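Novice: One structure, as structure tokens, below. Some questions next.
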Amino acid sequence: MIAKQIKGKDFYGLIVYHDKKVKTGKAYVLDSNIEIGKPVDMTKEFNMVRQLRPNLGKAVYHVSLNLPPGDQLSDKDFSSLADDYLNGMGFEDNQYLIYMHTDQEHQHLHIIANRVMFSGDVVSDSGDYKRSQKLVRELERKYRLTVLSDNSFREKAALTQNEIAKALRTGDIPVKNLLQERVKVALKSANNVKEFIDKLKRVGVTPKFNISKSTDRVMGISFKYKDIIYKGSTLGRKFSWNNILKQIDYEQSRDSTIIFKTNSAEQGIKEDLKNINRKPWKNNKKSEYTRSKTQGNLGKSGQIERIPQKVESQKIKPSENRSENYSVKLKIDSQSGIWKDANKVLRSYTSQGTPFENEQLADIDRKKRKKKGRRL
């Protein structure tokens, strides 16, 4: 027998769904301790008790009990089995409504129960997946049903051909198998998300949670081992986030902090690696000048003091080519931003230049005058 548990917030939508099944002849009410009537009236009766704990978000407990194909129970026996299941899960003093469905080949029923007891206490959901699995095995033996192993559905994804080939080539255990085993052990021994994360980290596995930007809800999970990452769903059905939620206790408001810290720590490692891989400053005059100009030095007062930069003038020998020295002077001065001084230097050497050089400088002056004329 397979039990599937879901916790929700709304009784009405769930009751309406099953009521439609009843009206179409695909289901019928097997047992109940509330008055059967319209969905609105049944919802009101559930909510009257629910109001004893107004701050409880998920007060709806919904579970389906599915018999293996070939197994059959009478309505009386199946109703008794459902009652044993509710008592075993702690619903001894709670409202409940049981529907038998007839739209599938295998026999199965659905239980809607109020997590708020008539006394106002709340049925704990801590470790409810493990408790349910243990209880189902006991009920299978009690009602002489086919005893299914916990691995009755495929939990683990098989290795691909490439993964097998790599394992044969390297002689190492495939990372997928290693992750499957370590995550499985962590799930069995953890009761909540914090314990689950801690147990994974102890064996070198880092979880990564996929969080929705709009709702901040966890939408998926991945597992990292030695820089190799697998999505939970690729490891197997049991390792998807939706199925993990059935095995450990999780509350978004309570666990959001630890999940955020886990993701932030992983992101911080990536940022540190990026900083390490960045190229250092090149050891040259230009970079030293730029660094000192933009950063400055920290003085005694604790404020940044700018270091004045000096541009050394270059003496031009008569035997040297003056046009080359002009370009050097312009380049040096343009880096320091002193264009005015560079022009003065050019004008100071105009009378000593060659006819060709004087003609070039004259062209530059004409262009400047034209620009000034346009501005005016």
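The values are calculated or read from the model by the stated rules, or taken from the named source; none is laboratory data. Source: prediction; values computed, not measured. Counting neighbours? That spans all protein chains shown, and the Cβs are built from the backbone with ideal geometry, glycine included. Heavy atoms of the whole protein, side chains included, go into the accessibility calculation; ligands, DNA and RNA do not. Shrake-Rupley method; radii C 1.70, N 1.55, O 1.52, S 1.80 Å.
Novice: (1) among the charged types (D, E, K, R); (2) in a loop (DSSP other than H, G, I, E, B); (3) within 27 Å of Phe46 (Cα to Cα): which one isn't true of Asp83, the others all being true?
Specialist: The number of the failed condition is (2).
Novice: Out of everything in region 245-267 that is among the hydrophobic types (A, V, I, L, M, F, W, C) and open to solvent by less than 100 Å² (accessible area, probe 1.4 Å), what residue ends up being modelled with the lowest pLDDT?
Specialist: In this case the residue turns out to be Ala265.
Novice: Given the conditions (1) modelled with pLDDT under 90; (2) within 25 Å of Tyr129 (Cβ to Cβ); (3) open to solvent by 30 Å² or more (accessible area, probe 1.4 Å); (4) not aliphatic (A, V, I, L, M), and given that Lys270 satisfies all but one, which numbered condition is not satisfied?
Specialist: Going through the list (1) modelled with pLDDT under 90; (2) within 25 Å of Tyr129 (Cβ to Cβ); (3) open to solvent by 30 Å² or more (accessible area, probe 1.4 Å); (4) not aliphatic (A, V, I, L, M), Lys270 breaks only (2).
Novice: Could you run through region 100-118 and say how many residues are surrounded by fewer than 21 Cβ atoms within 10 Å (Cβ to Cβ) and more than 30 Å from Ala190 (Cβ to Cβ)?
Specialist: Going through region 100-118 one residue at a time, the tally reaches 9.
Novice: Filter region 86-145 for residues that are in a helix (DSSP H, G or I) and basic (Lys, Arg) and give the result.
Specialist: Once the filter is applied, which keeps residues that are in a helix (DSSP H, G or I) and basic (Lys, Arg), region 86-145 yields Lys130, Arg131, Lys134, Arg137, Arg141, Lys142.
Novice: With Leu65, Leu97, Leu135 as the choices, which residue is open to solvent by less than 70 Å² (accessible area, probe 1.4 Å) and more than 20 Å from Asn243 (Cβ to Cβ)?
Specialist: It is Leu97.
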